[in-house]
Each structure stands twice: as C-alpha cells, then as structure tokens.
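Notes to accompany the following structure.
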C-alpha cells in the first residue's frame with residue numbers, strides 16, 4: 001500500500017488570490033500529489049493550504065510552493081492578525097497512511113535541509129521534528145515574529161536548524177515540522193445552552209477547568225504556592241474543547257480539536273463526551289467532522305462499535321465505515337459521504353478506470369470483448385478473491401449464528417483473515433493488467449541507438465520480471481487463504497459447508513491459473529537462476545494447493 005503524507009503549509013498572504021493561485025499551481029504541477037483545500041483569511045492575511053500524496057512527491061511540491069512564496073511575498077510589508085515570521089510561515093508534515101512518525105520526521109528534515117540550503121531561508125524545526133527540546137513549541141520558535149527575526153538570527157542560541165543565520169528580509173523564516181493529524185470534531189447536544197455545553201467541554205478537555213473554592217462557578221479561584229491558578233484536568237488527553245451555540249442548526253455543540261488521534265481517537269472522544277453529557281442530564285444526538293479524516297480513524301471507530309455489539313469485524317471497509325457513521329451520528333445534521341470526506345478515498349478517485357470498480361456484468365463483458373485486458377491473470381486473481389470471500393462469509397455467518405454468541409471473537413478473527421486475502425487479491429486484479437501494460441510500454445521505447453536499445457532491453461526485462469512477480473503473489477495469497485477456508489469447513493456453520501467447498505475450488509483455480517501466467521512470462525526472462533527458483537516454488541505451491549483442495553472437499557463431502 002502507498003505511503004501517504006499530508007502537508008499543511010501556511011502562507012502569509014490571504015487577500016491577493018492571484019499570488020495564492022501561483023503557489024498552489026506549483027503544488028498541482030507535481031504528479032502523485034493532490035491539492036485538497038485552500039483556506040484564505042483576510043483579517044489574518046494568511047492562507048492555509050492542504051495537500052496530500054506520496055512522501056517524495058509531497059516534499060517536491062512543498063519545496064516548489066515555498067520557493068514560489070518566497071518570490072511573491074514580501075514579509076517587510078506584511079501585516080495580519082495571526083502570528084507569523086515568514087512568507088511560508090509554517091509547513092507541517094502529517095503521516096496519513098502506512099508511514100510512521102519517525103519516517104515523517106526524516107522527510108521533514110529532508111525538506112528543511114533543501115529549503116535552507118537552496119533557498120537560503122532560515123529553518124526552525126518544531127514538534128516531532130524539533131532538534132532542541134525547547135523548539136518543540138512553535139510559539140517559542142516564532143517568538144517576536146518577523147519584526148524580531150533579524151535581531152534573533154544574530155544570537156548564537158537562535159542559530160537555525162537548517163540554512164544560514166543571514167536575515168532574509170523578504171522571505172523571513174519558516175518553521176517545518178512533523179506532527180500528528182489534527183481532527184476538528186463537533187458534538188451535537190439536545191440543548192440550546194452554551195453554558196451547559198461548556199461545562200461538558202471542561203469535563204473532557206485536557207486543560208480541564210480552573211479549581212475554585214466551594215461553588216465550582218462563583219467560588220474563589222484556588223492558586224498554588226507560586227500564585228498560579230490550580231486546574232482540574234479533563235478526562236481526554238490531547239484535546240481542546242469549548243461549547244457554543246450554532247444558529248444554523250438551533251442546537252448547542254461542543255467543538256473539539258483532537259490534536260493526536262493516536263492518543264484520543266474519534267470514538268473514544270465520542271463515548272466520553274456522551275457519558276459526561278449523560279451525567280449532566282444531556283444527550284449527544286450526533287456529531288460532525290469538520291474537514292477530512294484518515295481512513296484508519298473511521299475503520300477503528302467502526303470496529304470499536306462492532307466489538308461492543310459482539311459482532312464480527314471481518315466485514316468490508318464499506319460496511320465498517322457505515323457502522324462508524326451511524327454509531328457516531330455523523331449524518332445527523334447533513335449527509336456524510338465517505339468518498340468526499342476520507343483522505344484516501346479522495347486520492348483513489350483520481351485513479352479511475354479500475355477493473356474492480358466495474359459491476360459483474362461490465363467485468364464479464366469487458367473480459368469477453370476484443371480488449372486484451374482483463375486477461376487470465378486478472379481472472380485468476382478475481383477467482384482467488386471470490387474463494388477468500390466465501391471463506392470469510394462462512395466465518396461471518398458462524399460469528400452471528402444463534403447459540404454461538406460465545407464464539408463470535410473466534411470467528412471474527414477468521415473473518416478478518418478472509419477480508420485480508422480478499423482485499424489483497426482484488427488489488428492483484430488491476431495489478432496484473434498494470435504489469436502487462438508495463439511490458440507494452442517497454443516494447444514501445446525508442447531503439448534508434450545502441451544506448452536506447454540497451455535501455456529498452458533492460459526495461460523489457462524489468463517489466464517481464466514484474467509480470468512474473470504479480471501472478472506469483474496471486475498464487476501465494478490464494479494458497480494461504482485455503483487455511484482459513486479449511487478451518488471454516490471443519491468448524492464453521494455446518495449449513496454453509498458447501499460454500500467453503502466452492503471457496504476451495506476457486507482458490508485452487510486461482511493458483512493453477514496464476515501459475516500459467518508465471519510460466520508464460522518466465523520464458524521471456526533472461527535471468528534463468530531467478531526463473532528456476534520461481535518455477536520450483538510454483539510447482540510446490542500448486543502441489544500443496546491440490547492436496548489441500550482434496551482435504552477440504554473430503555471434509556465437505558463428509559458433512560453433506
């Protein structure tokens with residue numbers, strides 16, 4: 001799966017949209033990156049831009065945007081209500097999918113080094129990317145703002161993390177970081193009282209409320225030995241919250257920022273707010289996500305509520321997300337469309353023309369047409385996906401079988417494995433076609449010179465090897481899925497044992513069909529050592545698959 005990083009640069013221009021357009025054009029010029037949002041503020045004279053993509057491409061796009069901002073924005077003439085010290089004031093990177101915070105920090109430093117050296121802009125790294133403990137705090141890095149920057153840079157303790165200490169009068173300085181994803185999340189209440197909403201907000205937010213003597217509202221503020229107000233912390237870490245009344249909806253809300261959803265998740269926040277509201281005689285009727293949300297956050301929420309219901313979590317992503325939406329009440333005030341609100345789905349929308357997005361009739365018609373794709377490799381992968389799906393179906397039916405409630409977790413675990421194999425094999429349906437296209441593209445390369453011929457030959461060999469690797473992966477996935485299918489034939493809902501049998505037949509066909517593709521492509525590869533190894537392993541997988549199929553069918557036959 002692709003690694004995804006979000007980038008949220010803040011540019012010190014919020015009025016002249018021609019300048020912002022030139023900056024965002026640079027972002028959109030980079031393949032592998034998608035511009036998600038542009039939010040200008042006139043009073044702050046600042047624009048927040050959000051884009052997402054694969055890490056190296058995000059770094060390239062961020063660099064180009066910072067470079068263009070340095071060309072177009074003159075900080076010596078800038079005025080605005082928001083704290084700032086640079087044309088590109090801050091540029092945080094946020095891990096979204098399949099990438100750790102440690103890796104994201106490395107990319108932040110890579111970007112900071114490039115900007116500092118090539119654009120001669122002083123760079124301070126903050127939050128997770130900070131190189132000094134005190135610089136973790138953005139407010140500290142930006143203290144004194146642009147107006148104090150020249151004097152700060154002259155002091156040794158303010159030496160930038162990257163770039164020189166030379167004052168850049170027009171571009172100022174930039175703060176670059178790696179931070180966790182911030183979720184803006186509102187809770188709808190069955191009250192119109194802002195005061196009641198605030199009370200619940202103070203119950204849960206990390207900062208809590210000021211401690212008072214006697215009456216919690218009018219009592220005297222309690223102070224510590226240094227004269228600072230004593231606070232009673234709230235129950236949710238890494239959260240900020242306040243109550244307000246929404247005229248548009250006619251209800252009070254709690255507006256919350258989840259600053260680290262790895263510490264406090266969306267569903268944890270919902271459950272805690274709901275409980276604290278209940279204790280105050282108020283009910284959370286639903287919630288509202290502002291902006292975009294990572295896929296994993298929604299999947300975690302859906303699985304959380306399925307577990308509370310003692311239901312299998314080995315179901316499709318779509319079904320899990322539907323449970324999350326209904327459990328959190330995300331569609332109470334207005335429709336919540338996952339395709340528009342989940343970051344990964346927005347990116348997938350750019351792919352288009354995916355075989356797996358066709359309906360059954362369209363897929364069959366395309367297969368039967370003059371088109372050479374989908375071919376046997378894609379069909380083999382799809383047969384494997386159907387086999388795994390049948391095994392997963394038996395697991396889910398078993399988890400929900402009357403009288404087997406005490407075994408729901410056992411079957412849910414097997415159903416999850418079925419979903420894994422199904423999802424991986426579905427990806428191979430399109431990947432097999434992509435592998436074929438790589439070969440065609442390689443054959444289409446120029447060959448007018450010896451150098452071009454050599455490059456073309458290497459490209460053909462690389463593409464051919466990939467066209468072996470894809471069906472070989474299909475073989476392994478389909479074979480591995482048979483353990484789950486066999487277990488469901490043995491211990492699953494007896495009324496569905498024949499479904500497990502058909503699943504085994506589909507998995508066996510996927511293995512044999514994919515192996516045909518492995519062998520036909522291997523005949524064109526010059527690396528004979530690699531070919532011998534793959535063919536030998538393929539023969540073993542096919543032999544083991546056929547033996548496994550016999551075992552499963554014998555189990556099925558004994559039960560019907």
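Residues in region 241-266 that are under 23 Å from the mean Cα position of the chain (by Cα) and assigned to a strand (DSSP E or B): 3 in all. In region 20-42, of all residues being under 22 Å from the mean Cα position of the chain (by Cα) and in a strand (DSSP E or B), the one that is surrounded by the most Cβ atoms within 10 Å (Cβ to Cβ) corresponds to 33. For region 288-317, a residue qualifies if it is surrounded by fewer than 19 Cβ atoms within 10 Å (Cβ to Cβ), more than 23 Å from residue 257 (Cβ to Cβ) and touching a residue at least 12 places away in the same chain (Cβ under 8 Å), and the qualifying residues are 310, 311, 316, 317.
Before we move on, is residue 356 within 16 Å of residue 431 (Cβ to Cβ) and touching a residue at least 60 places away in the same chain (Cβ under 8 Å)? It is true that residue 356 is within 16 Å of residue 431 (Cβ to Cβ) and touching a residue at least 60 places away in the same chain (Cβ under 8 Å). May I ask you to list the residues in region 364-380 that are within 14 Å of residue 520 (Cβ to Cβ) and surrounded by 14 or more Cβ atoms within 10 Å (Cβ to Cβ)? Answer for region 364-380, where residues must be within 14 Å of residue 520 (Cβ to Cβ) and surrounded by 14 or more Cβ atoms within 10 Å (Cβ to Cβ): 375, 376, 377, 380.
Within region 316-330, identify whether any single residue is farther than 24 Å from residue 50 by Cα and in contact with a strand residue (DSSP E or B) (Cβ under 9 Å, 6 or more places away or on another chain), and answer yes or no. Yes: region 316-330 contains one or more residues that are farther than 24 Å from residue 50 by Cα and in contact with a strand residue (DSSP E or B) (Cβ under 9 Å, 6 or more places away or on another chain). What about residue 45, is it in contact with a strand residue (DSSP E or B) (Cβ under 6 Å, 6 or more places away or on another chain) and surrounded by 16 or more Cβ atoms within 10 Å (Cβ to Cβ)? For residue 45, the condition - in contact with a strand residue (DSSP E or B) (Cβ under 6 Å, 6 or more places away or on another chain) and surrounded by 16 or more Cβ atoms within 10 Å (Cβ to Cβ) - is not met. With respect to being under 30 Å from residue 106 (Cβ atoms), touching a residue at least 40 places away in the same chain (Cβ under 8 Å), touching a strand residue (DSSP E or B) at 6+ places or on another chain (Cβ under 6 Å) and assigned to a helix (DSSP H, G or I), residue 185 falls outside the description. Residues considered: 548, 559. Of these, the only one that is touching a residue at least 12 places away in the same chain (Cβ under 8 Å), in contact with a helix residue (DSSP H, G or I) (Cβ under 8 Å, 6 or more places away or on another chain) and within 15 Å of residue 421 (Cβ to Cβ) is 548. If you go through region 134-153 and pick out every residue that is more than 13 Å from residue 173 (Cβ to Cβ) and over 36 Å from the mean Cα position of the chain (by Cα), you end up with 0. Of all residues in region 513-536, those satisfying the criterion of being surrounded by fewer than 19 Cβ atoms within 10 Å (Cβ to Cβ) and either touching a residue at least 60 places away in the same chain (Cβ under 8 Å) or not in a helix (DSSP H, G or I) (or both) are 516, 523, 524, 525, 526, 527, 530. Restricting attention to region 1-19, the residues that are within 19 Å of residue 291 (Cα to Cα) and assigned to a loop (DSSP other than H, G, I, E, B) total 2. Within region 74-86, the set of residues being crowded, with 24+ Cβ neighbours inside 10 Å and out of contact with any strand residue (DSSP E or B) (no Cβ under 6 Å at 6 or more places or on another chain) comprises just one member, 84.
For region 121-144, taking the residues that are farther than 19 Å from residue 156 by Cβ and surrounded by fewer than 18 Cβ atoms within 10 Å (Cβ to Cβ), the one that is modelled with the lowest pLDDT is identified as 139. Between 106, 118, 71, the distinction of being within 11 Å of residue 178 (Cα to Cα), at pLDDT 95 or above and surrounded by fewer than 18 Cβ atoms within 10 Å (Cβ to Cβ) belongs to 106 only. Among the residues of this structure, residue 285 counts as one that is surrounded by fewer than 18 Cβ atoms within 10 Å (Cβ to Cβ), farther than 30 Å from residue 391 by Cα and either touching a residue at least 12 places away in the same chain (Cβ under 8 Å) or assigned by TED's automatic domain parsing to the domain that holds residue 412 (or both).
Only residues that are free of Cβ contacts under 8 Å to residues at least 60 places away in the same chain and either closer than 25 Å to residue 363 by Cβ or not in a helix (DSSP H, G or I) (or both) were counted in region 408-422, giving 2.
Filter region 43-64 for residues that are in a strand (DSSP E or B) and in contact with a helix residue (DSSP H, G or I) (Cβ under 8 Å, 6 or more places away or on another chain) and give the result. Within region 43-64, 47, 49, 51, 52, 53 qualify. The test for being under 23 Å from residue 399 (Cα atoms), out of contact with any strand residue (DSSP E or B) (no Cβ under 8 Å at 6 or more places or on another chain) and assigned to a helix (DSSP H, G or I) holds for residue 488. Against the list (1) surrounded by 15 or more Cβ atoms within 10 Å (Cβ to Cβ); (2) farther than 30 Å from residue 71 by Cα; (3) free of Cβ contacts under 8 Å to residues at least 60 places away in the same chain, the condition residue 213 fails is (1).
Scanning region 75-105 for residues that are in a helix (DSSP H, G or I) and touching a helix residue (DSSP H, G or I) at 6+ places or on another chain (Cβ under 9 Å), we see that the one that is farthest from residue 146 (Cα to Cα) is 103.
The values are calculated or read from the model by the stated rules, or taken from the named source; none is laboratory data. Predicted model, so just to flag it, every value in this text is computed and none were measured. So basically every Cβ, Gly included, is an ideal-geometry build from the backbone, and we count neighbours across all protein chains shown.
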